[in-house]
Amino acid sequence: MRCDQTSVWKKLQDASSSFTSFDLSQAFAQDSHRVDAFSVQAPHVFADFSKQPINAQVQTLLFDLAEQTGVLAKRDAMFSGEPINTTENRQVMHWLLRQPAKSLTNHLSSTLKDVHVVLDDMLAFAQSIANDDTFTDVVHIGIGGSDLGPRMTTFALQTLAISNKRFHFVSNVDAHEINTVLQKIRPEHTLFIFASKTFTTLETMTNAQTAKNWFLSQGGTDTQRHFAALTSNTLDAKAWGVGHVFGFWDWVGGRYSIHSAIGLPLAIAIGAQGFRDFLSGAHQMDQHFLNAPIQSNLPLRLGLLDVWHRNFLGYSSRNVAPYHAHLKYWASYLQQLELESNGKRVDLQGQALSYQTAPVLWGEPGTNGQHAFFQMLHQGTQVVPVDFLAFKHASHHWPQHQQQLLANALAQAQALMMGRNVKGGHRHMTGNRPSTFFLMDQLTPATLGAMIALHEHRVMVSGAVWGINSFDQWGVELGKVMANDLIQKINTGDSSGLDASTAGLLHRIR
Ligand code: F6P
């Protein structure tokens with residue numbers, strides 16, 4: 001049933017009207033068990049959401065909402081391989097990529113075998129490249145989910161990466177990016193990885209062809225040895241002329257593909273065991289999502305909290321503040337995951353929604369954000385919930401820095417909640433500003449895998465409540481079609497049929 005037609009939706013609306021005066025500090029004073037009630041220890045990830053504007057009554061109503069909108073049934077359908085991506089009639093099985101070999105005896109057991117054949121091949125290739133000193137540079141060419149996953153994870157786990165290789169990422173069709181990379185590398189020492197699920201994306205096809213032309217113009221000869229492709233379109237990839245093709249399936253969405261062969265750069269960087277640890281962390285979170293009771297089910301409670309924020313407290317954005325410099329791309333990764341999944345305006349039947357869906361998601365690592373936009377978070381007119389991420393242990397030996405980093409993360413969450421009561425005016429801070437604090441032991445492959453899986457399932461939960469298809473992305477098609485038309489018009493100057501603005505800009509460009 002659509003969420004806004006459930007009986008509990010009205011109850012949540014009534015409950016939210018009393019939340020305008022909800023005081024976080026008071027809530028703690030009134031309940032000494034508040035932290036226990038609003039925190040969960042999931043595999044590799046502890047989350048404390050007790051600084052969120054929520055109480056036991058609302059939590060119960062949110063669980064009822066999940067029940068009445070069939071969230072757990074949708075979850076079970078996903079893990080059973082049902083085609084829940086209804087507009088493309090596809091299964092949604094990114095979770096199968098990290099399912100251990102031979103661990104299924106049902107109708108998916110043969111598909112699982114295929115997954116492990118590709119995984120073993122990809123890891124063997126990654127290891128061979130890692131061990132081959134001929135290759136000093138790896139250039140990964142892809143965009144969207146074929147870029148953000150490899151880029152974010154390879155950057156995040158750089159302290160574990162082999163030291164004899166440099167990793168470059170090219171995604172934008174703006175040739176300033178590929179040009180800068182090509183000036184740093186030598187063809188005979190470079191592996192080019194061409195990542196595209198469809199093998200049709202304009203930016204990636206253009207960058208890959210430019211890389212190939214450059215390689216040949218520089219005297220490179222063996223494209224078979226120096227080019228690999230990661231795609232679900234293996235036929236076209238072989239025809240294009242790469243020597244190594246690693247496939248994945250249509251039931252892996254681009255923004256959910258990092259645990260597939262798309263993870264090749266990461267596997268080269270951290271090795272086969274590191275990548276298997278990365279898979280294992282994600283699998284443990286999958287099992288948690290599948291089996292944990294609702295009260296201790298972290299993806300479920302976070303997804304429901306996102307609905308409470310969006311549809312009842314009226315928060316239109318969420319800030320992500322990872323207190324780790326190597327999670328520089330974490331917010332960008334989550335942007336695609338959440339906004340391409342839940343940035344939708346119609347339900348599964350194509351009917352326009354009467355309620356809001358995905359919030360704007362944005363962020364930068366702490367402590368930098370404190371010197372850029374935390375002013376607005378503390379004293380702005382709009383309330384923006386913040387997700388803080390912090391890690392107890394660093395991968396460096398500068399303890400003073402780590403103490404300061406953690407102290408800042410804790411302090412910002414505390415200051416947002418407590419505020420500062422100064423008689424009126426500029427220095428007064430209302431406090432009562434919400435945040436969730438994620439605390440992990442250390443940034444490792446397993447922890448990162450678990451964090452990714454947690455957010456994949458969090459997004460699935462809110463999408464299921466909203467009754468939308470979180471697994472298609474029709475909204476990106478129109479721009480691509482228009483761009484192809486305008487490429488011709490920029491060349492010819494023919495502005496017929498264009499709106500006045502685009503025509504005017506076209507003429508200025510020419
Ligand atoms: O942004 C649209 C999109 O299709 C994403 O879903 C995808 O990750 C990206 O473009 C790249 O697609 P491909 O991997 O097929 O090149």
Scanning segment 23-47 residue by residue, the ones that are in a strand (DSSP E or B) and either among the aliphatic types (A, V, I, L, M) or surrounded by fewer than 18 Cβ atoms within 10 Å (Cβ to Cβ) (or both) total 6
Within segment 223-239, track down each residue that is buried (at least 18 other Cβ atoms within 10 Å of the Cβ), within 13 Å of the ligand (Cβ to nearest atom) and not polar (S, T, N, Q).
Ala229, Leu230, Ala237
Elements of type helices (runs of 4 or more DSSP H) contained in segment 427-510, each with 3 or more residues being β-branched (Val, Ile, Thr) and outside the structural domain of His326 (by TED's automatic domain parsing):
477-492
Do the conditions hold for Ile129, that is, is it within 16 Å of the ligand (Cβ to nearest atom), of a type outside the set (S, T, N, Q) and modelled with pLDDT of 95 or more?
no
Does Thr198 fit the bill of being at pLDDT 95 or above and either β-branched (Val, Ile, Thr) or in the same structural domain as Val481 (by TED's automatic domain parsing) (or both)?
no
Which of the residues that make up segment 311-332 are in a helix (DSSP H, G or I) and surrounded by fewer than 23 Cβ atoms within 10 Å (Cβ to Cβ)?
Asn311, Phe312, Ala325, His326, Ala331, Ser332
Specify the residue that is farthest from Gln284 (Cα to Cα); the eligible residues are those in segment 1-22 that are exposed (fewer than 14 other Cβ atoms within 10 Å of the Cβ) and at pLDDT 95 or above.
Asp14
Does segment 149-180 hold any residues that are crowded, with 20+ Cβ neighbours inside 10 Å and part of a helix (DSSP H, G or I), and which are they?
Gly149, Pro150, Arg151, Met152, Thr153, Thr154, Ala156, Ile178
Go through segment 125-152 and give me each residue that's more than 13 Å from Gly271 (Cα to Cα) and of a type in the set (Ser, Thr, Tyr).
Thr134, Thr136, Ser146
Where residues in segment 178-222 are away from the ligand (no atom under 16 Å from the Cβ) and acidic (Asp, Glu), which of them is farthest from Trp251 (Cα to Cα)?
Glu188
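How many residues are more than 16 Å from the ligand (Cβ to nearest atom) and either in contact with a His (Cβ under 8 Å, 6 or more places away or on another chain) or assigned to a loop (DSSP other than H, G, I, E, B) (or both) when one looks only at segment 335-378?
At the first step, the residues of segment 335-378 found to be more than 16 Å from the ligand (Cβ to nearest atom) are 345-357, 359-360, 362-378.
Okay, now just the ones that are also either in contact with a His (Cβ under 8 Å, 6 or more places away or on another chain) or assigned to a loop (DSSP other than H, G, I, E, B) (or both), so 345, 347-351, 353-357, 359, 364-367, 372-373.
Going through segment 335-378 one residue at a time, the tally reaches 18.
Counting only residues that are of a type in the set (Ser, Thr, Tyr), within 22 Å of Ala161 (Cβ to Cβ) and buried (at least 16 other Cβ atoms within 10 Å of the Cβ), how many does segment 88-130 have?
Of the residues in segment 88-130, 0 are of a type in the set (Ser, Thr, Tyr), within 22 Å of Ala161 (Cβ to Cβ) and buried (at least 16 other Cβ atoms within 10 Å of the Cβ).
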Would you say Asn421 is more than 20 Å from Gln52 (Cβ to Cβ), surrounded by fewer than 13 Cβ atoms within 10 Å (Cβ to Cβ) and assigned by TED's automatic domain parsing to the domain that holds Ser317?
yes
If we keep just the residues of segment 410-424 that are under 15 Å from Gln375 (Cα atoms) and either basic (Lys, Arg) or assigned to a loop (DSSP other than H, G, I, E, B) (or both), which is nearest to the chain's Cα centre (by Cα)?
Gly419
With the structure loaded, tell me whether Pro293 is surrounded by fewer than 23 Cβ atoms within 10 Å (Cβ to Cβ) and more than 16 Å from the ligand (Cβ to nearest atom) or whether it fails that test.
yes
All positions within segment 491-507 that are under 38 Å from the mean Cα position of the chain (by Cα) and exposed (fewer than 11 other Cβ atoms within 10 Å of the Cβ):
Asn491, Asp499, Ala500, Ser501
Can you tell me how many residues within segment 137-170 are more than 14 Å from the ligand (Cβ to nearest atom) and either of a type in the set (Val, Ile, Thr) or closer than 20 Å to Gln209 by Cα (or both)?
9
Only one of these conditions is not met by Ala407: (1) farther than 30 Å from Pro53 by Cβ; (2) part of a helix (DSSP H, G or I); (3) free of Cβ contacts under 8 Å to residues at least 24 places away in the same chain. Which number is it?
(1)
Just to be sure, is Leu65 more than 24 Å from Ser232 (Cα to Cα) and more than 16 Å from the ligand (Cβ to nearest atom)?
yes
So Phe438 ticks every box in (1) within 29 Å of Phe275 (Cβ to Cβ); (2) within 16 Å of the ligand (Cβ to nearest atom) but one. Which box is left unticked?
(2)
So which residues in segment 174-200 are of a type in the set (Asp, Glu) and under 15 Å from Phe227 (Cα atoms)?
Glu188
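The values are calculated or read from the model by the stated rules, or taken from the named source; none is laboratory data. Keep in mind that what you see is a predicted model, and the values were worked out from it rather than measured. So basically every Cβ, Gly included, is an ideal-geometry build from the backbone, and we count neighbours across all protein chains shown.
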